[in-house]
Amino acid sequence: MTRECGACSMCCKLPSIAALNKPADRWCTHCKPGLNGCQIYADRPQPCIDFMCEWLRHADIPDVWYPANSKMILNVGPANGQFRFMNVMVDPGSPNRWRESPYHALLRHMALVGMQRGHKILVRVSSGLRDFIVLPLDDVEVPNGSTGIDVIITPAGDWSLKFI
């Protein structure tokens with residue numbers, strides 16, 4: 001990795017961490033934002049060790065996605081049957097940031113790339129209590145109570161979503 005966290009500690013706020021009894025969208029009690037971040041870094045639990053910030057991992061992700069500035073974290077989730085998710089966790093203090101320029105256009109582009117060349121990656125935005133699937137031409141809200149998604153690839157190569 002060529003990038004560094006710097007003053008960013010968004011990974012200590014946005015995801016839930018069951019091992020620490022930390023709910024999503026709240027600062028971890030072990031984090032001191034702006035003051036060297038995680039105070040238990042050497043002994044942090046496995047979910048924290050396993051978490052990978054895509055902005056850190058991939059230099060080709062534009063700098064505009066730096067989490068401390070964008071108020072969003074990008075993270076690729078594990079395979080879920082036929083596809084994977086590019087998870088976009090949005091800070092509740094900026095719940096509509098993902099809809100702003102240039103982020104929304106970049107998310108739509110990620111969705112398009114995710115549908116091409118067999119990548120099978122869905123872009124999922126989590127903003128507060130609402131989740132959305134971003135497609136190249138549409139944003140689809142995930143209905144409350146849904147436990148899964150069936151993805152149907154049409155003969156034209158488009159993706160159709162069916163929520164379970």
**OP:** Would you list which lysines come within 19 Å of residue 120, measuring only between C-alpha atoms, while excluding same-chain residues fewer than 8 positions from it?
**Re:** 162
**OP:** Would you mind pulling out the separation of the Cα centroids of the stretch 1-69 and the stretch 74-150, in Å?
**Re:** 20 Å
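How much of the DSSP bridge set in the stretch 52-163 is antiparallel, in percent, rounded to the nearest 5? Mind showing how you got there, number by number?
Details: 19 of 26 bridges.
DSSP beta bridges in the stretch 52-163 are roughly 75 percent antiparallel.
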**OP:** Sequence neighbours fewer than 8 away in the same chain don't count; with that in mind, list the aspartates and glutamates whose C-alpha is under 12 Å from residue 13.
**Re:** 25, 91
**OP:** Starting from the Cα of residue 82, step 7 Å along the direction of its Cβ; do the same at residue 129; then give the gap between the two resulting points in nm.
**Re:** 3.1 nm
Original post:
So, in nm, how far is label residue 52 from label residue 113 when the simple model puts each one 7 Å beyond its Cα toward the Cβ?
Top reply: 1.5 nm
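Using r as the Cβ-Cβ distance of residue 152 and residue 41, and R0 as 41 Å, what FRET efficiency do you calculate, to the nearest 0.05?
On the way: r = 43 Å, r/R0 = 1.06.
Rounded to the nearest 0.05, the efficiency is 0.40.
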Original post:
Given the convex hull over the Cα atoms of the chain, what projected area results after averaging over all orientations, in nm²?
Top reply: 10.1 nm²
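Rounding to the nearest 20 debye, state how big the charge dipole of the stretch 39-164 is about its Cα centre with +1 on each Lys and Arg Cβ and -1 on each Asp and Glu Cβ. Please report the intermediate quantities before stating the final value.
Details: 12 positive and 13 negative charges, 21 e Å.
The dipole magnitude comes to about 100 debye.
Laboratory data are not the source of any read-out in this text; all were calculated from the coordinates shown. Just so it is clear, the model here is predicted, and its values are computed rather than measured. All Cβ positions, glycine included, derive from the backbone under ideal geometry; neighbour counts span all protein chains shown.
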